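Bear in mind that the values in this text are calculations on the coordinates, not laboratory data. All of these numbers come straight from a predicted model, not from anything done at the bench. With ideal geometry, Cβ positions are generated from the backbone for all residues, glycine too; neighbour counts draw on all protein chains shown.
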Amino acid sequence: MLMLLPPSEGKTAPRRGRPLDLGSLSSPGLTGAREEVLDALVGLCEGDPATAARVLGVTAGQLSLVHANADLRLAATARADRVYSGVLYDALDLAGLDAAARRRASSRVAITSSVFGVLRPADRVPAYRLSGSVGLPGLGSVAGHWRSHLGGAVTDLLGGGLLVDLRSGTYAAFWRPPAALAGRVATVRVLSVAPDGERSVVSHFNKHTKGLLARALLVDGAAPRTPALLGDVLRDLGWEVETAGPTPAGTRLDVLLRA
């Protein structure tokens, strides 16, 4: 089983640590594609800060993020599971897992990244600012760039198991599972259900719940091989889950949170 997570916009910058070494990262077949993103991002941020801020979608009060991007190649690194922060990662709390669950995370968790494509929790990276919706000068759309490169890497990480896709829409655009994998793809959606039955996606609860789901699966240790079996496992763990019919893109599992 492979749980594919989105990154977080917020990141914890390492205070110390060796600089970035692309050759040490998992999925080494992505090294060239990673170099291209780094070249475009660092080049942008080494130029006019106001222009870089506009391209990156940051405010004039966040120019420190632009300057940090300009120094990415020399910046301190830490494990990805310590750099990524925010609602989902706080709920997942990989550092707080017991030893067995942490071992599972090393092989069952992958993180989508605008700069690095896809990462394992132990990969050492610096903090950066780059949304998946951005287009970079000389590179073009970040999502389009990774769509051209990620397929082989994610397929290798997945192996013969079930893909549990927990990505948000922006990062789902980086790679879409081919129809040949549809029987082994479960896309998880979290819906808030009002007392009148109306359903909606609430960003905070969506992220928080996905982090809790991933944590629960790591602690439990189950490795279901089909979307239907994943639904059964989540129900056994106390979640209310509706399983939709299979499609060429996989099977959607709706996790319902009732008000």
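Annotation note: trypsin sites (Lys or Arg not before Pro) in region 9-68 located in DSSP loop regions with a Cβ neighbour count of at most 14 within 10 Å are 15, 16.
By how many nm would the segment from residue 107 to residue 18 grow when fully extended, if each residue of separation counts as 0.36 nm and the alpha-carbon distance is taken off?
On the way: separation 89, 0.36 × 89 = 32.04 nm, distance 2.38 nm.
Once the chain is fully extended between residue 107 and residue 18, it gains 29.7 nm.
Note on residue 235 and residue 182: with the Förster distance fixed at 35 Å, the Cβ-Cβ geometry gives a FRET efficiency of about 0.95. Qualifying GluC sites (Glu not before Pro) in region 156-259, where qualification requires a DSSP coil assignment and no more than 10 other C-beta atoms within 10 Å, comprise 198.
Computed over the alpha-carbon atoms, region 84-125 gives an Rg to Rh ratio of 0.96, Rh here being the Kirkwood radius from the mean inverse distance.
Find, among the GluC sites (Glu not before Pro) in region 1-55, those assigned to loop by DSSP (not H, G, I, E, B) with at most 10 other beta-carbon atoms within 10 angstrom. Numbers along the way, then the final one.
Details: sites: 9, 35, 36, 46; in loops: 9.
Taking region 1-55 and a limit of 10 other Cβ atoms within 10 Å, no loop GluC sites (Glu not before Pro) are found.
Computed from backbone phi with θ = phi - 60° and the Karplus coefficients 6.51, -1.76 and 1.60, the 3J(HN,Hα) list for region 228-243 is 4, 5, 4, x, 4, 4, 5, 5, 4, 8, x, 8, 8, 10, 10, 9 Hz; x is used for glycine and proline.
Residue-wise HN-Hα couplings along region 246-259, as the Karplus relation 6.51 cos²θ - 1.76 cosθ + 1.60 with θ = phi - 60° gives them from phi, are x, 9, x, 9, x, 10, 8, 10, 9, 9, 9, 10, 8, 5 Hz; Gly and Pro carry x.
Take the Cα pairs of region 31-102, get the Kirkwood Rh, then feed it into Stokes-Einstein at 37 °C and 0.692 mPa s and tell me D in µm²/s. Don't skip to the answer; put the middle values down first.
Details: Rh = 14.4 Å.
It comes out at roughly 228 µm²/s.
Taking Cα atoms only, the orientation of helix 99-108 departs from the longest principal axis of the chain by about 80 degrees. Compared with the dominant principal axis of the Cα atoms in the chain, helix 31-46 is inclined by about 50°.
Computed from the alpha carbon atoms alone, the convex hull of region 2-258 holds 130 Å³ per residue.
Could you tell me what fraction of 2.2 N^0.38 Å the Cα radius of gyration of region 126-259 comes to, as a two-decimal ratio? Working it through for region 126-259, the quotient is 1.14.
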